[in-house]
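To start, the structure itself, in structure tokens.
The values are calculated or read from the model by the stated rules, or taken from the named source; none is laboratory data. Here the structure is a predicted model, which means the values were calculated and not measured. Using ideal geometry, Cβ is built from the backbone for each residue, glycine included, and neighbour counts are taken over all protein chains shown.
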Amino acid sequence: MTTTGREPLLSRNGQAVLAAVRARPRCSRADVARATGLSTSAVSMLVSTLISAGLLVELGVNHSAGGGRPSVSLGVAPEAGSLIGIHIGHAGLRVVLTALDGTLLAEQLHALDVDHEPAASLDRMASSTAALLADGIVDPTRILGAGVAVSAPVIDARSLGSPPMLLDWGGVDIGGILTERLGLPVHLGNDATLGALAEWRLGAGAGVDDLVYVMLGDGVGSGLVLGGRLHTGSSGTAGELGHLPVVSDGKICRCGARGCLETLVSKRALVAALAHTLGASASVEALLDLAEAGDRGATRLLGDAGRVLGTALAGVCTVTDPRLVVVGGDLTARPDTSDVLLEAARHALEAALPPVANHGVRIVRAALGARAEALGAALLAGTRTGAGLAPIR
Ligand SMILES: [Zn+2]
């Protein structure tokens, strides 16, 4: 997406080098040359310029095990710039301001009927961003970009997949409008994919290069990190776990298919199941309150959801062979009740995994909570800055 309203801080190649180091902490100049396709001499010059500008730092000398020439590892100076991350959920917006390494600096939350109010939501995103920048926490001229996490498939990092899950957002050019309103490069990503990015870089999956992140919210999303890269698929829709068919004669899903995982495991599915006993007062909060108090029906509901999830994950794990499954989203917001769900999922996964694919994959609770997707959006902006639409690494 093109930038309007503000000159870029760096040359395109300078931005590409910065993005390469951002994506590979502790990499060497040779690593940057390989990643960017620039010559080693060009990279050396650009790195010197970026160090002089206070954007990059040298972290130390790496001695290779084979006795080759030592190399100097590079890192992005955390104070070199800042990022904006925005999560457009179904029930509200979260806008975060972070350092380049994803450290949270400030945050704003807004309850809003996002599904039905695209214009008001876009206004709020712009005013929230302006308010965060007006607080004086960071130098507003050093905001390098904004990322936006949306509850919809994102095709080619620009447009929402069809049919959009955000009900009234079909045809709304979120990236284009926000690029103009914010005066920043804006990059879109699927919220579960960006949750995976944040948990991988900053959360429960730190240091694990093969993981599946599952977001249990209004729907069920997932993001895949395979071989140290975010995997978004050939058209950007990889990880639509919620629409995996699990019951041949199940309920019709909002996507139009029958028996999808999210007809059994999402927040709305569990609240609907609880409505039989609680009526109109059924809600996720009521479900978690009851489960915390030891209510048998609520505990059973969470356990059943965990079992269905674990069985579905057996298929995902058989195909992708991850070391870790990180489960986040509203349904895992409370430690005690998430234990019920996750323990059932662990047992079901273990029972359903074929021996050939059973390598001790672990299921853990996400560490970043409801903030993961917004932080992932900020990290996306940091990774993409200057790197155009190159794959997220
Ligand atoms: Zn579906």
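Brief remarks follow.
- In segment 313-325, the residues that are in a helix (DSSP H, G or I) and polar (S, T, N, Q) reach residues that are buried (at least 17 other Cβ atoms within 10 Å of the Cβ) and modelled with pLDDT of 95 or more with C-beta atoms within less than 7 angstrom, at least six apart or across chains, in these pairs: T318/L353; T320/V212; T320/L224.
- Residue in segment 295-315 that is of a type outside the set (S, T, Y), more than 16 Å from the ligand (Cβ to nearest atom), under 22 Å from the mean Cα position of the chain (by Cα) and at pLDDT below 95 present: no
- Members of segment 208-222 found to be part of a loop (DSSP other than H, G, I, E, B) and not β-branched (V, I, T), listed by number: D209, D210, G217, D218, G219
- If the condition is being more than 26 Å from the chain's Cα centre (by Cα), modelled with pLDDT under 80 and small (G, A, S), then segment 1-52 contributes G5, S11.
- Among the residues of segment 354-370, those that are in a helix (DSSP H, G or I) and without any contact (Cβ under 8 Å) to a residue 60 or more places away in the chain comprise P355, V356, A357, G369.
- Strands (runs of 3 or more DSSP E) completely within segment 60-112 that count 2 or more residues being hydroxyl-bearing (S, T, Y) and more than 17 Å from the chain's Cα centre (by Cα): 71-76
- Residue within segment 252-260 that is assigned by TED's automatic domain parsing to the domain that holds R307, part of a helix (DSSP H, G or I) and closer than 17 Å to N190 by Cα present: no
- Applying a threshold of 8 Å to beta carbon distances and a minimum spacing of six or more residues, or different chains, the list of pairs starting in segment 109-125 at a residue that is in the same structural domain as I177 (by TED's automatic domain parsing) and closer than 20 Å to L182 by Cα and ending at one that is surrounded by 19 or more Cβ atoms within 10 Å (Cβ to Cβ) and among the aromatic types (F, W, Y) reads P118/W169.
- Test: residue in segment 223-242 that is within 15 Å of A152 (Cα to Cα), among the aliphatic types (A, V, I, L, M) and either more than 16 Å from the ligand (Cβ to nearest atom) or assigned to a helix (DSSP H, G or I) (or both): yes
- Any hit, segment 274-294, residues being within 16 Å of the ligand (Cβ to nearest atom), touching a residue at least 40 places away in the same chain (Cβ under 8 Å), crowded, with 20+ Cβ neighbours inside 10 Å and assigned by TED's automatic domain parsing to the domain that holds V214: no
- Any hit, segment 320-333, residues being modelled with pLDDT of 95 or more, in contact with a helix residue (DSSP H, G or I) (Cβ under 8 Å, 6 or more places away or on another chain), within 16 Å of L244 (Cα to Cα) and of a type outside the set (D, E, K, R): no
- Meets criteria (hydrophobic (A, V, I, L, M, F, W, C), assigned to a helix (DSSP H, G or I), away from the ligand (no atom under 16 Å from the Cβ) and over 20 Å from D321 (Cα atoms)) for L184: no
- Residue within segment 132-141 that is modelled with pLDDT of 90 or more, farther than 23 Å from C253 by Cβ, touching a Ser or Thr at 6+ places or on another chain (Cβ under 9 Å) and not in a helix (DSSP H, G or I) present: no
- Test: residue in segment 211-221 that is farther than 15 Å from A192 by Cβ and either hydroxyl-bearing (S, T, Y) or away from the ligand (no atom under 16 Å from the Cβ) (or both): no
- The requirement of being surrounded by fewer than 19 Cβ atoms within 10 Å (Cβ to Cβ) and in contact with an Asp or Glu (Cβ under 8 Å, 6 or more places away or on another chain) is satisfied by D336.
- Residue check, V265 closer than 26 Å to G89 by Cα, in contact (Cβ under 8 Å) with a residue 24 or more places away in the chain and surrounded by fewer than 22 Cβ atoms within 10 Å (Cβ to Cβ): no
- Of the residues making up segment 243-255, those that are under 18 Å from A272 (Cβ atoms) and either among the small types (G, A, S) or within 8 Å of the ligand (Cβ to nearest atom) (or both) are H243, G250, C253, R254, C255.
- Failed condition for R181, given (1) modelled with pLDDT of 90 or more; (2) within 22 Å of the chain's Cα centre (by Cα): (2)
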